[in-house]
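In what follows, a structure is listed as structure tokens, so that the remarks can point back to it.
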Amino acid sequence: MKAVRIHQYGRPEELKLEDTPRTQAGAGEVLVRVYVAGVNPIDWKIRAGYMKDFMPIPMPFTPGIDVSGAVEATGLRRLESCRTMTSLGMFESC
């Protein structure tokens, strides 16, 4: 799969389009095939390192938390019948 990621804090030039291995849904997680993604001001603040004292992130980091797509796999039984999913920040719905 493709992902735009950063490996260190910095300027926009740190953003790199990369091939990454397909992840698996672990316990308490869902794997979503993303159709649409949004990038918000918090994403560039994280990338620039402005939030690292309050919200440190593991690298590499893929910015963009607003997504819409189809659930491909789940580690949650209650979502097994869910076909589509939207996410806005920490709020998720089927």
Exercise. Of all residues in segment 34-58, which are closer than 19 Å to Ser68 by Cβ and either in contact with a His (Cβ under 8 Å, 6 or more places away or on another chain) or not in a strand (DSSP E or B) (or both)?
Worked result: Val39, Asn40, Ile42, Asp43
Exercise. Within segment 1-26, which residues are touching a Leu at 6+ places or on another chain (Cβ under 8 Å) and in contact (Cβ under 8 Å) with a residue 24 or more places away in the chain?
Worked result: Ala3, Val4, Arg5, Ile6, Gln24, Ala25
Problem set entry | Of all residues making up segment 23-74, the number that are in contact with a strand residue (DSSP E or B) (Cβ under 8 Å, 6 or more places away or on another chain) and of a type in the set (Lys, Arg) | 2
For this session: Filter segment 5-33 down to residues that are surrounded by 15 or more Cβ atoms within 10 Å (Cβ to Cβ) and not in a loop (DSSP other than H, G, I, E, B), then give me how many there are.
Result: 6
For this session: State the number of residues belonging to segment 30-53 that are in contact with a Leu (Cβ under 8 Å, 6 or more places away or on another chain), more than 14 Å from Arg11 (Cα to Cα) and not hydrophobic (A, V, I, L, M, F, W, C).
Result: 0
Seminar exercise, completed: Within segment 13-70, restricting to residues that are among the aromatic types (Phe, Trp, Tyr) and at pLDDT 90 or above, the one that is nearest to Lys2 (Cα to Cα) is Phe61
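The values are calculated or read from the model by the stated rules, or taken from the named source; none is laboratory data. What you see is a predicted model; the values in this text were computed from it and never measured. No Cβ is skipped: glycine too gets one built from the backbone with ideal geometry, and neighbour counts run over all protein chains shown.
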